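Note sheet for the following structure.
The values are calculated or read from the model by the stated rules, or taken from the named source; none is laboratory data. If you're wondering where the values come from, they're calculated on a predicted model, not measured in any experiment. Every residue, glycine as well, gets a Cβ built from its backbone with ideal geometry; the counts of neighbours run over all protein chains shown. Note: accessible area is taken over every heavy atom of the protein model, side chains too, but ligands, DNA and RNA are not part of it. Shrake-Rupley method; radii C 1.70, N 1.55, O 1.52, S 1.80 Å.
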Amino acid sequence: MSAHITRRGLMASIAAASAAGALGRPAVAQSGYPNRPLTLVVPWGAGGGTDATARIVGALLEKDFGQPVNVVNRVGGSGVVGHSAIATAPPDGYTIGMITVEITMMHHQGLTDLKPTSYTPLALMNEDPPGVQVKADSPHKTVKELADAIKAAPAGRFKASGTGQGGIWHLALIGWLQAMGLKPDHVAWVPSNGAAPAMQDLAAGGIDLVTCSVPEARAMIDAGRARSLAIMAAERNPLFKDVPTLNEQLGINYSVGAWRGIAGPRGLPAEIQARLVGSLKKAFEAKEFQDFMTNRGFGMKWAEPQSFAAFMNEGDQKMAAAMKAAGLAKA
């Protein structure tokens with residue numbers, strides 16, 4: 001009997017200790033999240049800047065979580081397909097994605113009902129301003145020379161590209177033109193499937209300028225087939241320190257940028273959000289990420305959920321105004 005009582009007491013003590021320990025741990029520890037592979041959705045094609053950034057983030061999350069993080073490219077619909085896949089995933093933390101600046105633009109174009117509030121924001125990790133690129137043998141050696149030529153030319157004489165109609169680099173051009181007192185369509189926009197094909201078209205002489213980010217133009221610049229005349233940012237990029245800002249050359253304090261961040265579907269439990277944000281911050285601060293972004297000239301910008309949500313809301317309002325002014329917004 002004595003042994004039986006002792007055994008019962010021991011079992012009760014173990015149960016009590018377990019309960020006390022569970023109460024003292026966050027819920028995420030109870031669930032063991034993550035205890036299976038994760039999917040990181042990329043709304044854009046393999047090989048681009050968003051894909052490359054997502055893959056380094058995924059590798060660092062995998063290292064921290066001890067679980068595979070599978071990067072999946074879901075392309076189509078000018079970004080709608082992939083962004084929709086993130087928004088409609090089960091809110092269990094096992095499907096997250098890299099959302100981009102287009103989420104502040106697509107709904108204004110009538111392409112989707114998705115908007116920044118369709119997600120649980122987790123972390124902003126990158127922002128890149130556009131540059132103004134010309135062909136290597138362009139007669140315009142500075143952005144002032146190019147701007148003067150554009151102003152003197154009839155509407156439609158100059159042609160630009162960098163992304164699809166109404167994309168971020170198109171809106172960057174529109175903002176620059178308006179800052180110079182010109183109409184949004186003074187330079188004709190030639191839609192492309194991204195910065196890479198636009199830069200190829202530039203080098204071939206099919207267009208006059210490309211307003212993508214300098215990192216995206218870097219391959220053609222390094223090959224001696226293009227030059228970057230300026231960036232639309234408050235300060236120079238340290239990796240491209242010879243490229244001036246619009247403000248330095250033209251006295252135009254205009255800036256805009258493409259950005260990338262990680263988000264999940266709405267309704268992610270708070271403890272899973274906390275686990276993801278902590279791991280993303282660790283990834284952002286990791287030397288591997290810092291070196292990867294620096295070597296490519298990608299801008300690093302960190303914001304946690306609340307600040308990221310405010311950042312997207314502000315960007316959404318800016319994009320709405322720009323697209324309305326350009327006649328690209330749907331009623």
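For this structure, a couple of remarks:
- By accessible area, using a 1.4 Å probe on protein heavy atoms only, the chain has 53% of its surface on carbon and sulfur.
- Sites matching trypsin sites (Lys or Arg not before Pro) across the range 135-170 that sit in DSSP coil, with at most 16 neighbouring C-beta atoms within 10 Å: LYS141, ARG157
- For ARG236, net neighbour charge (Lys/Arg +1, Asp/Glu -1) across residues whose Cβ lies under 11 Å away: -2
- Accessible surface area normalised per residue over the chain is 46 Å², counting heavy atoms of protein chains with a 1.4 Å rolling probe.
- Estimated distance in nm for a label pair at ASP64 and ARG36, the labels positioned 7 Å out from Cα along Cα-to-Cβ: 2.3
- Potential lengthening between ALA46 and LEU182 on full extension [0.36 nm per residue; Cα-Cα distance subtracted]: 45.3 nm
- Cα shape, the range 211-261, gyration tensor, a/c 1.5 rule: oblate
- Charge tally in the Cβ shell below 14 Å around GLU304, where Lys, Arg are +1 and Asp, Glu are -1, GLU304 excluded: +3
- Under the span-like rule (Cα at least 20 Å along the axis, Kyte-Doolittle mean at least 0.5), DSSP H helices of the chain: 2-24
- By the rule of a C-alpha distance below 20 Å, with chain neighbours fewer than 8 residues away ignored, the lysines paired with LYS141 are LYS151, LYS159, LYS241.
- Fully extending the segment from LYS324 to ASP291 would add 8.0 nm, taking 0.36 nm per residue of separation and subtracting the current Cα-Cα distance.
- About the centre of its Cα atoms, the chain shows a dipole size close to 500 debye [charges on the beta carbon of Lys, Arg (+1) and Asp, Glu (-1) only; nearest 20 debye].
- For the range 272-331, the set of trypsin sites (Lys or Arg not before Pro) satisfying both a DSSP loop assignment and a count of at most 12 other C-beta atoms within 10 Å is given as LYS330.
- Prolate/oblate/rounded call for the range 176-264, Cα gyration tensor, a/c under 1.5 rounded: rounded
- Reducing the range 255-331 and the range 88-154 to their Cα centroids gives an inter-centroid distance of 12 Å.
- Residue among GLY45, GLY32, GLY82 with the largest mean-square fluctuation in a Gaussian network model of the chain, springs linking Cα atoms under 10 Å: GLY32
- Residue list for the range 182-216, given a label point 7 angstrom along the Cα-to-Cβ vector of ALA149 and an amide N cut-off under 14 Å: 202-203, 205-210
- Cα-based reach from LYS281 at 13 Å (exclusive), listing aspartates and glutamates while leaving out same-chain residues under 8 positions away: ASP64, GLU304
- Under 11 Å, Cβ to Cβ, from LYS144 - net charge with Lys/Arg +1 and Asp/Glu -1: -1
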